[in-house]
Structures are given as structure tokens and as C-alpha cells.
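Here, each number is a calculation from the coordinates, and none is a lab measurement. Because the structure is predicted, anything quoted here is derived from the model rather than measured. Counting neighbours? That spans all protein chains shown, and the Cβs are built from the backbone with ideal geometry, glycine included.
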Amino acid sequence: MTTVPGLSYPHWRDTLPTLQLSKNVDAKTVAIILKNMLQYSINDLFHALAAPGRRAMVDRLARGPATLSELAEPMDMTLTAVTQHLRILEASGLVHSYKQGRTRHCRLRVGAMDQVSTWIEGRKALLASRLDRLGDLLEEDEAIEKSRRR
């Protein structure tokens, strides 16, 4: 198993050929990038999206960046509660916020939902193949039943 300090993903070198590397990117840089990509678990993403208030915040940020006050405005909760929800969204990797002066600005991270989309697409493909197989079995049973009647 190949390992890089601070990177627990065992096959990070296997992904190197699939990445389009420039001449200035070495294996250590790729390891750092992969470490950041892999630090958010899908469980954290689903946990962050489980609360309706956080989903509303993500929906609002999908239209563009917003301040914390703008996020809190339509919510029926205190600014402190909105801040706590924002921390959960940040911990999941969905949202990035930064302070500029006295104002906290928030935005969605580019590609933040890719991991969730990939997971859902995988489940949909599995379900589709199982339903196709079920359809095939039902057609076979129907054909057998017709042949018995003759």
C-alpha cells in the first residue's frame, strides 16, 4: 500500500493517470489536492442536507453568494441558530464563508454536490439493472406459463 503522510487513501497513485496534470504539478501536490477532496464524507453531506433550514440555505446560495444576514432573513430562527447551521454546512464541505469587515459572506463550493450526485447515480443504476432483471424474469415466467397452457 502506497501512503503519503496525512493521506489515508491507499491508492492515490492510481488516480494520477486520470488527472490532467500540468508540468508544475508533482505527486506531492496531487496528494494534497486528493486529501482535500476526500476529507468530506458522504455521511456529513447527507447530515448537512437533512435539516430543512440548511436545505433552504443551500437553495438560496445556489442562486449566488449571500451574507449571513441575507441567509437569516427568510428563516424563522435567530442569527445564532443560522450561524450554527452554517457551521454544519461548512464542515460538510458544501459551503464556504469568509468575513469581510463585520460581514460574513457565504457561497456554495464548486462541485460540492458531485459526491452526492455520484452516489445517487450509482444507486439509480443499480436499481435500474435490478428492475430490468425483474422484468426479464417476469417475461420468462409469462412465456413459461403460456407454453404450459398450450
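On the basis of the beta-carbon distance and an R0 of 25 Å, residue 50 and residue 107 show a calculated FRET efficiency of 0.75.
A simple spin-label model places pseudo-atoms 7 Å from Cα toward Cβ; at residue 96 and residue 42 they are separated by 2.5 nm.
The gain in end-to-end length when the residue 62 to residue 118 segment is fully stretched comes to 18.3 nm, 0.36 nm per residue minus the alpha carbon separation. With N counted as the residues of region 42-108, its alpha-carbon radius of gyration over 2.2 N^0.38 Å works out to 1.00.
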